[in-house]
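Only one structure is covered here, and it is reproduced in the block below.
No lab work stands behind these numbers, since they all come straight from the coordinates. A quick note: this is a predicted structure, and the numbers were derived from the prediction, not measured. Using ideal geometry, Cβ is built from the backbone for each residue, glycine included, and neighbour counts are taken over all protein chains shown.
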Amino acid sequence: MTAILPPSTVSAARAPQLRTYAGAASLGLFFITSFATQFLFSDGGPDTAATLRVIAAGPGTAIAWGWIMLALAALWLGGVLFLAGATRGRGSGWGAAGTLAGILGTVGITLIGMHALTAAALAQTPLDGAAATLQALDGAAGWFIFPLMTCQMLAVALFALSLWRQGTVHRWVAAAGCAAVVVSALPWTFSGPAALGLGLASLGVGTGAVIRLRRAAGWVEAPAQAYRVWAGAACAVGLLVLSILKDALFAGADDPDAALAAVGSHPVPLVVEGVMALGVAALFAGTTAFFVGSVRGRGSGLAAAGGVLGIVGSVSIASMGALDFLTAALGVSGAGTGVFGPLAGILFPAFMPLFLAENLMLVAFAAALWRSGVTAWVPFALSLVFAAVAQVHPVGPVALAQMALGLVVAGWLAYRILRSRGLWPRRVD
């Protein structure tokens, strides 16, 4: 006989079910698409000038590769958020480490995509200056792209270990995840596809096991451990603090001509700004994971929308950080800022919705937490002001005031979440 559940019960079960399937689909699409790109695209080789000539003859390939990589970064982060919520039992420490590595891997994938789009734009400028700029760009940012990309595959192993430790999968799944890291580092032509295949097998089986367990449990999700909640709250506050510090130290740096005039041929300030921007992107992703995991029941739909906005916003912020490295490279090469014309033609208007997502993420989560009863309406109202002011692209004191308002909202939401979980010390009279 089929049981008829009350509407509230059905609604409560539907949200985690949709989140589970969406996260699983995101992870699967990432691995399948990544595997396909290994055979569709190839590295241009060590000769920078020759690479630029090839791109100039057919820029569509480099542009397609760049946009595919940005899409892969978003899909990967969606999978990371899913796995972060699926590793909350025994071995959750491995899952927390996997979440951190996965977020850093998202930044690395984004930088690879922006490198391809930048190369496509440079190919439309004079060759000598373009080659010098691309070499300077590799020197300015290449030193940490490899560690970030290694973090992406390391996250596969860490999540596989976590799923094994909590008894969700057999030990061979963890072994396959660890083997993916080793294979990806081998100097072998097919190391990339082989590592992705191992990762797909490992986390694919793990994902299937998570779905079966959640279905058997009526789609009930375990709450995050206290240390994860505190870490998420720290991300939310740290995100706005670092953003304020970046705007205060590098006011006006969004104008490449002004930035180059200020630093000349010394790229260090712009490299520092770029690293800070990537830090903001990583904290943005961590904040998204924190807020998504804090809303259950009422408001889950708004939280899911906030999760999508947070994923898109994280990729957008990391992409803008890559432009700081490009400006630094232009200062070294002395090629001028002419590349930003072709680059704008490649990025815009497609990037405009991405900019909007950065500011609407806080609105969506404030609304979700209000809807769920965790907070009152005031943080939501303040988040609307924060997002509205951001759309006029404020500068100077107004920009700092806007970011300070965002800090108030993020801190307020984090405080109320901690109180609702019983993690904030209560005063005893």
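Comparing His393, His115, His266 in a Gaussian network model of the chain, where Cα atoms under 10 Å apart are tied by springs, the biggest mean-square fluctuation is seen for His393. Rg then Dmax, both in Å and based on the Cα atoms of region 130-219: 17.2, 59.
If contacts are Cα pairs under 8 angstrom and at least 6 residues apart, what is the relative contact order of region 249-394 in percent?
Numbers: 152 pairs, mean separation 44.1, N = 146.
Relative contact order here is 30 percent.
Can you tell me the convex hull volume per residue for the chain, based on C-alpha atoms, in Å³ to the nearest whole number?
Values: hull volume 66.7 nm³, N = 429.
Taking the convex hull of the Cα positions in the chain, it is 155 Å³ per residue.
If you run the Gaussian network model on the chain, springs between alpha carbon atoms under 10 Å, then out of Ser184, Ser300, Ser314 the most flexible one is Ser184.
Placing +1 on the Cβ of each Lys and Arg and -1 on the Cβ of each Asp and Glu in region 145-289, which of Ala282, Ala224, Trp164 has its Cα farthest towards the positive end of the resulting dipole? Of the candidates, Trp164 comes out farthest on the positive side. Dipole magnitude for the chain: about 2340 debye, using +1 per Lys or Arg Cβ and -1 per Asp or Glu Cβ, origin at the Cα centre.
Segment Phe348..Leu384, full-extension length gain: 10.4 nm, with 0.36 nm per residue of separation and the alpha-carbon distance subtracted.
When the chain is treated as a Gaussian network with alpha carbon springs shorter than 10 Å, the biggest mean-square fluctuation among Ala15, Ala303, Ala36 belongs to Ala36. The overall shape of region 179-330 is oblate: from the C-alpha gyration tensor, with semi-axes ordered a ≥ b ≥ c, the ratio a/c is 1.5 or greater and a/b is no larger than b/c.
Please check the chain for the longest run free of chymotrypsin sites (Phe, Trp or Tyr not before Pro) that are loop-located per DSSP (anything but H, G, I, E, B) and have at most 16 other Cβ atoms within 10 Å. Walk me through the intermediate numbers first.
Values: sites that count: Phe41, Trp188, Phe190, Phe351, Trp377.
Longest stretch, sites excluded: 191-350.
In the chain, if the dipole is taken from +1 on Lys/Arg beta carbons and -1 on Asp/Glu beta carbons about the Cα centre, which of His115, Ala234, Gly293 is farthest to the positive end? Towards the positive end, the residue furthest out is Gly293. Short-range pairs are left out: with C-alpha atoms under 8 Å and at least six residues apart, the relative contact order of the chain is 18 percent. Placing unit charges on the Cβ atoms only, positive for Lys and Arg and negative for Asp and Glu, gives region 163-295 a dipole magnitude near 1020 debye about its Cα centre.
Global size of region 282-429: 18.2, 67 Å for Rg and Dmax (C-alpha atoms, Rg to one decimal, Dmax whole).
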